[in-house]
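Visitor: One structure follows; several queries about it will come next.
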Amino acid sequence: MLEKTTQVNFLYDFYQSLLTDKQREYMELYYLEDYSLGEISEVFDVSRQAIYDNVRRTEAMLKNYEEKLKLHEKFVKRQSLIDELAETALEKDQEKVLELIKQLKELD
C-alpha cells in the first residue's frame, strides 16, 4: 500500500496541473493529508462512494498521463544520470562525462 501511495504522490506532483480543482482537492486530502473517504465525503457533503469513484478515476488518469508523457520516468532517469555524472567527474573520466551529458540531452 505504501508503494502505491508513493507512486500516486509522485505522479500527482508531475500532473496535478492537468486535474480539475475538485480532483486536486480530493487527491490532496486523501493522499497528502491522509483523510479517510468518509472524512472527505463529510467535508464536501457528497457520498463516500462518489469520493471513492473520483479518487480511483483520478489515479487512473495520472497513470495514463505517465504512460503517454513519461515525465516521472524521465525525471528518475535524469537524476540517475546526474548522480553518475557527478561521480564520474570526480574520477576525471572526461570521455564518460561527455557520454553522460549526451544521454542527458537525449532525454529531452
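Just so it is clear, none of the values below were taken in a lab; they were calculated from the coordinates. Nothing here was measured: the structure is a model prediction, and the numbers come from that model. All Cβ positions, glycine included, derive from the backbone under ideal geometry; neighbour counts span all protein chains shown.
Visitor: Restricting attention to segment 40-108, which trypsin sites (Lys or Arg not before Pro) occupy a DSSP loop and are surrounded by at most 11 other Cβ atoms within 10 Å?
Guide: When the trypsin sites (Lys or Arg not before Pro) of segment 40-108 are filtered for loop state and at most 11 Cβ neighbours within 10 Å, Lys92 remain.
Visitor: Moving on. Return the distance in nm (one decimal) between the two label points of a simple spin-label model at Glu28 and Arg78, each offset 7 Å from Cα along Cα→Cβ.
Guide: Placing both labels 7 Å along Cα→Cβ, they lie 2.4 nm apart.
Visitor: Could I have the simple spin-label model distance between Lys4 and Ser17, label points 7 Å from Cα toward Cβ, reported in nm to one decimal?
Guide: That separation, rounded to one decimal, is 2.9 nm.
Visitor: Right, something else. Return the label of the correct value of Rg/Rh (Cα atoms, Kirkwood Rh), as calculated from the structure shown, out of (1) 0.96; (2) 1.19; (3) 0.94.
Guide: Of the labelled values, this structure produces (2).
Visitor: What GluC sites (Glu not before Pro) does segment 13-84 have in DSSP loop regions with at most 16 other beta carbons within 10 Å?
Guide: Details: sites: Glu25, Glu28, Glu33, Glu39, Glu42, Glu59, Glu66, Glu67, Glu73, Glu84; in loops: Glu33.
Sparse-neighbourhood loop GluC sites (Glu not before Pro): Glu33.
Visitor: Relative contact order for the chain using alpha-carbon pairs under 8 Å, separation at least 6, rounded to a whole percent?
Guide: Computed value for the chain: 23 percent relative contact order.
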